[in-house]
Amino acid sequence: HGDGWSVKNKVYATFAIETTKRRVNPFSGIRWSFTTAYTFGHYDSLSLNTKFTSYLPILDVYFNDWEFKNVLVFNMGISMVLPGFRNVAQPYTYGLNNEYTGGTLWGKSTYGKGPIMSSSDYLSIDGIFSGRGWTNSLIGTSYLGYKTGYVKFDYTLEYRLPVYDKILWVAGFIDAVNLI
């Protein structure tokens, strides 16, 4: 929070289903997961995250020992971070100069600031793993690379081509991402 060290603890629970044949570079099947986490310490929050990935084989040709498996991959992810009730700005109180003010958190006024959380726990678009390529976009802005929020929608459509099937692939992709 900028005033020294703070204590933060997270407890996670995940439920997942996977039908892929291989863990690295799968070429068919699905992966789905739902994760919830509770963060507590100087502040608290609840996060929910679900991700669905489908691998659809497009072309599967063998040239002696070399496999040429083209795969269409669809990813969809939705994440939410819900600030805990302890972190919502406290109700207005009657101040010393006959004015209404907000409460305090870590010795700072929370008036008009809404829920307070550590900046590292907001969802973000980093331009590398989420919203790939947007930090160096064609219009020359890095705005999406610095955007944070409470709800994130993340979609990707990829077309993968093998160079060496179990180790190296080349992929073309389209990412669509939004953060609220």
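The values are calculated or read from the model by the stated rules, or taken from the named source; none is laboratory data. Because the structure is a prediction, the values reported are computed rather than measured. We place every Cβ from the backbone using ideal geometry, glycine too, and count neighbours over all the protein chains shown. The protein model used for the area step is the full one, side chains on, heavy atoms only, and it has no ligands, DNA or RNA in it. Shrake-Rupley method; radii C 1.70, N 1.55, O 1.52, S 1.80 Å.
So the values come out like this:
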{"read-out": "Scan of the range 148-167 for residues that are over 12 Å from the mean Cα position of the chain (by Cα) and at pLDDT below 85, ordered by number", "value": "162, 163, 164, 165, 166, 167"}
{"read-out": "Tally of residues being open to solvent by less than 40 Å² (accessible area, probe 1.4 Å), more than 24 Å from residue 36 (Cα to Cα) and not in a loop (DSSP other than H, G, I, E, B) across the range 145-168", "value": "3"}
{"read-out": "Out of 51, 69, sole residue that is among the charged types (D, E, K, R) and more than 25 Å from residue 152 (Cβ to Cβ)", "value": "69"}
{"read-out": "Residues satisfying the stated conditions in the range 6-32, i.e. of a type in the set (Val, Ile, Thr), assigned to a strand (DSSP E or B) and surrounded by 10 or more Cβ atoms within 10 Å (Cβ to Cβ)", "value": "14, 17, 30"}
{"read-out": "Count - residues of the range 33-65 that are open to solvent by 70 Å² or more (accessible area, probe 1.4 Å), farther than 30 Å from residue 160 by Cα and of a type in the set (A, V, I, L, M, F, W, C)", "value": "1"}
{"read-out": "Scan of the range 35-52 for residues that are out of contact with any Gly (no Cβ under 9 Å at 6 or more places or on another chain) and modelled with pLDDT of 85 or more, ordered by number", "value": "35, 36, 37, 47, 48"}
{"read-out": "Filtered residue count, the range 68-98, keeping only those that are part of a strand (DSSP E or B) and either modelled with pLDDT of 80 or more or surrounded by 14 or more Cβ atoms within 10 Å (Cβ to Cβ) (or both)", "value": "15"}
